[in-house]
Amino acid sequence: MAGRSWDLSNWYAAPEKAADKLGWKARIGLFEGLGLTAEWYSSLGATEFPTMTKLGGGAPRRSISAIIACYMDEQAIPIMHQRLTAVFKKLDVDYEIIFVNDGSPDDCGGQIQEISVADPHVLGIVHSRNFGSQMAFRSGMEMSVMQACVLLDGDLQDPPELIEQFYEQWVNGADVVYGRRVQRDMPFAWGMLYKAFYRIFAKLSYVTIPHDAGDFSLMDQRVVGWLLHCPERDLFLRGLRAYVGFRQTGVDYVRPKRMFGDSTNNLIKNLEWAKRGIFSFSNAPLKLLSAGGAILLCLSVIASFVVVAMRLLFPESAPRGITTLLLFTLFFGALNLFSVGLVGEYIAKILEEVKGRPRLIRAGIIRNGEKSQLLPDGSVIP
């Protein structure tokens, strides 16, 4: 294979470093060890050795990357790590836990660095600023090296224990297993608004969107690969996940409250979120404008004939005065402004894509308790 930027022309063991850092020293020399290995291999039967290899030892061990988008989640990070570690050890899978510090103003980075000292499974990604949860998930997926990715919000509203059910469905052949929020621990009115959005979104979208399914999901590496091939910068991952297809299934759960602090979401942010989804995966608003314009044109023609006829046949009963004219002017003026606004939303999305700015900027990587600063090409600053 082609050499990588960090490859050396020659690789050597460094026993002095192992003795200094780990207090470990080999008791058997290289040549003696090779001889003993050859003797052991010769003692095995013809069918015994193949069963010890990865290919001959039964079903291969699966691997999962957990990707956690962190913003104002300093207190939740250690608990998330503990719960994820317990789940992965119970499942007996290879795993990595990728915490993405998405420009959080608290000490998320410090928590990630502290945890990574004792756990080599932990990888931290530090963004140069807040790019949003969707870009945080993409950043983690780009760095993942496992067979599947699980996306979780860092506030513990996505229970890690549900990954066991995700894993079971994945083993049984599903390529995408998403969490379906059948109930939310929040005021009734807010819960109804969320449910209404998902149903309106599903009706308007040109792809089949599952109801009440957020970002919390397990995705096979094939699905992750195709998601990373989608070039758009204004990401709406739950829509893209449905767009790429493959075999998908849902697991019901009750979404709890945020464990620490207050949610950063509000009505304005939720409306922006709804617009992002609808304008990314639906042409229905434009079609409604076209249909509405055609209907209003027909009604205007009919109304014109009616008014002229009334003026000729019943002069006294025909509409007259400035009030009628003013109301019609206000109505059509407001309609025109609304229509221009809708078209403007689509134009704004086009502008965002054609500018071609970087989707995200990684300022650093945290591994084994050390934080490395990154250059634009992804290499580490010496």
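Side notes on the structure shown:
- Applying a threshold of 7 Å to beta carbon distances and a minimum spacing of six or more residues, or different chains, the list of pairs starting in the stretch 200-223 at a residue that is without any contact (Cβ under 8 Å) to a residue 60 or more places away in the chain and within 16 Å of residue 170 (Cβ to Cβ) and ending at one that is among the aromatic types (Phe, Trp, Tyr) and open to solvent by 30 Å² or more (accessible area, probe 1.4 Å) reads 222/246; 223/246.
- Answer from 13, 19 - the residue that is out of contact with any Phe, Trp or Tyr (no Cβ under 6 Å at 6 or more places or on another chain), modelled with pLDDT of 80 or more and either open to solvent by less than 60 Å² (accessible area, probe 1.4 Å) or in a loop (DSSP other than H, G, I, E, B) (or both): 19
- Only one entry in 311, 320 is at pLDDT below 70 and either under 30 Å from residue 210 (Cβ atoms) or part of a helix (DSSP H, G or I) (or both), namely 311.
- Of all residues in the stretch 209-252, exactly one satisfies the criterion of being touching a Pro at 6+ places or on another chain (Cβ under 8 Å) and among the aliphatic types (A, V, I, L, M), namely 242.
- Tallying residues that are open to solvent by 70 Å² or more (accessible area, probe 1.4 Å) and at pLDDT 75 or above within the stretch 200-231 yields 7.
- Residues in the stretch 340-376 that are in a strand (DSSP E or B) and hydroxyl-bearing (Ser, Thr, Tyr): 372 alone.
- Looking at the stretch 152-252, the helices (runs of 4 or more DSSP H) lying wholly inside it that each contain 2 or more residues that are within 30 Å of residue 356 (Cβ to Cβ) sit at 188-204, 221-229, 237-244.
- Residue that is farthest from residue 200 (Cα to Cα) [pool: residues in the stretch 276-297 that are open to solvent by 30 Å² or more (accessible area, probe 1.4 Å) and among the polar types (S, T, N, Q)]: 290
- Qualifying residue in the stretch 139-156 (condition: acidic (Asp, Glu) and closer than 18 Å to residue 74 by Cα): yes
- Test: residue in the stretch 134-143 that is under 20 Å from residue 258 (Cα atoms) and surrounded by fewer than 24 Cβ atoms within 10 Å (Cβ to Cβ): yes
- Top-ranked residue of the stretch 59-94 - restricted to ones that are within 17 Å of residue 169 (Cβ to Cβ), surrounded by fewer than 19 Cβ atoms within 10 Å (Cβ to Cβ) and touching a residue at least 40 places away in the same chain (Cβ under 8 Å), ranked as nearest to the chain's Cα centre (by Cα): 63
The values are calculated or read from the model by the stated rules, or taken from the named source; none is laboratory data. Not measured: the values here are computed from a predicted model. Methodologically, a virtual Cβ is constructed for each residue, glycine included, from the backbone with ideal geometry; neighbour enumeration extends over all protein chains shown. Surface areas here come from the heavy atoms of the whole protein model, side chains and all, with no ligands, DNA or RNA. Shrake-Rupley method; radii C 1.70, N 1.55, O 1.52, S 1.80 Å.
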